[in-house]
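Undergrad: Before anything else, here's the structure in question.
The values are calculated or read from the model by the stated rules, or taken from the named source; none is laboratory data. Every value quoted in this text rests on a predicted model; they were computed, and no experiment measured them. Cβ sites come from the backbone with ideal geometry, for glycine too, and all protein chains shown count toward neighbours.
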Amino acid sequence: MRRLCSAALAVGLSLAACKTGPNLSTDYGQTARENYELAIGEFTDKDYEEAIQYADFVRIRFPFSRYAVEAELLIARAEFAQGNYTTAQDQFKQFYKLHPTHKHVLNGWCAYMAAVSAYMNAPEGFFLMPPHYQRDQDQLQDALNELAHFFKHYPNSSLNPLAVKLQDEVRRRLLEHELYVAKFYLDRDRPEAAIGRLETAHKEYSGIGLDAEVLFLLALTYLKMDEIELSRTTFAELQAQHPKHHHGRQARLYLKYIQDTYGPADASRKRPDRSPPRPIAPPRPKQVDEESKPGKPKAALEGPTGSL
């Protein structure tokens, strides 16, 4: 019996030592303000789980208190600090939708943090994983959508310079992904699959710092597809805009090659058919003669004989 009591006491002590949240009977304060201040204290001490426990208690037990609103925002901040970026993004978005007159909503901070959360949730480079530009980019596109909301609703926010810088970084990483996919197809001699990526990159992601590379790959792909005049125009644009870049110097050589091989510019030059191929219907199954089917005797095929 003594051994059982000792074991039970040891288990109880270990459970008390492993407490993961505040105790309802002893740890919580009596008012919304007291509990919110406890949450702030835990957040300042970087004990984010405890901060969420206290803030959630304020939100649930005192829903009509002004501290309940502040507790919601504190939960979003704590989730972000822990690296739970998907949850943090949802919390920031929910906050600016539910509390449009809050000061941190009016100045655009919550919308900006929703965009930052989406960006932080995007894949990063790691030595055991493929580079970020080879992986899924949905989170970066989500960050662009959040930034579009920010610029639309808070054009005069003091956070605009930071948002513009973040947008440039997101667009640069999306462009790196488009170039990676285009090169993947070009290395496998599939220019028709690469051209859409490159045309999108040229249209959507100009001014990031990779324009020369985009124009060079675009012009080269046009040339491989026998789009001679489009290739000539693109190489000329590359040479004019980036004359000192090594791709600009290469463009000069390609323009000479096009001139020597295909002659002067000709707007009426026949272009290749770039329409998507029509699907071909599979062949219809052959009609099998009933008499030739194996396993059935001829008499069975002819049916019963004789008069009724």
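Undergrad: What number of residues within the range 93-120 satisfy the criterion of being more than 18 Å from the chain's Cα centre (by Cα) and surrounded by 20 or more Cβ atoms within 10 Å (Cβ to Cβ)?
TA: Residues meeting the conditions: 6.
Undergrad: Here is a follow-up. What number of residues within the range 173-189 satisfy the criterion of being surrounded by fewer than 14 Cβ atoms within 10 Å (Cβ to Cβ) and basic (Lys, Arg)?
TA: Result for the range 173-189: 1.
Undergrad: Still on this model: I'd like to know if the range 147-155 contains one or more residues that are under 15 Å from the mean Cα position of the chain (by Cα) and part of a helix (DSSP H, G or I).
TA: Filtering the range 147-155 for residues under 15 Å from the mean Cα position of the chain (by Cα) gives 147-148.
Those left that are additionally part of a helix (DSSP H, G or I): 147-148.
Within the range 147-155, one or more residues are under 15 Å from the mean Cα position of the chain (by Cα) and part of a helix (DSSP H, G or I).
Undergrad: Can you pull out the residues in the range 44-57 that are touching a residue at least 24 places away in the same chain (Cβ under 8 Å) and over 12 Å from Leu73 (Cα atoms)?
TA: Result: Lys46, Tyr48, Glu49, Glu50, Gln53, Tyr54, Phe57.
Undergrad: Does the range 48-70 hold any residues that are crowded, with 17+ Cβ neighbours inside 10 Å and acidic (Asp, Glu), and which are they?
TA: Correct list: Glu50, Asp56, Glu70.
Undergrad: Is it fair to say Ala17 is over 23 Å from Asn107 (Cα atoms), modelled with pLDDT under 95 and surrounded by 17 or more Cβ atoms within 10 Å (Cβ to Cβ)?
TA: no
Undergrad: Determine which single condition Thr87 fails, assuming it passes every other condition in (1) farther than 17 Å from Gln30 by Cα; (2) crowded, with 20+ Cβ neighbours inside 10 Å.
TA: It is condition (2) that Thr87 fails.
Undergrad: Looking at the range 242-262, is at least one residue more than 11 Å from Phe216 (Cβ to Cβ) and small (Gly, Ala, Ser)?
TA: Checking the range 242-262: not a single residue is more than 11 Å from Phe216 (Cβ to Cβ) and small (Gly, Ala, Ser).
Undergrad: Name every residue in the range 191-237 that is out of contact with any helix residue (DSSP H, G or I) (no Cβ under 9 Å at 6 or more places or on another chain) and either within 22 Å of Lys256 (Cβ to Cβ) or of a type in the set (Asp, Glu) (or both), in order of residue number. It would help to see each step written out before you state the result.
TA: So the first thing to find is which residues in the range 191-237 are out of contact with any helix residue (DSSP H, G or I) (no Cβ under 9 Å at 6 or more places or on another chain), and the list is 203, 226.
The answer is Asp226, and nothing else.
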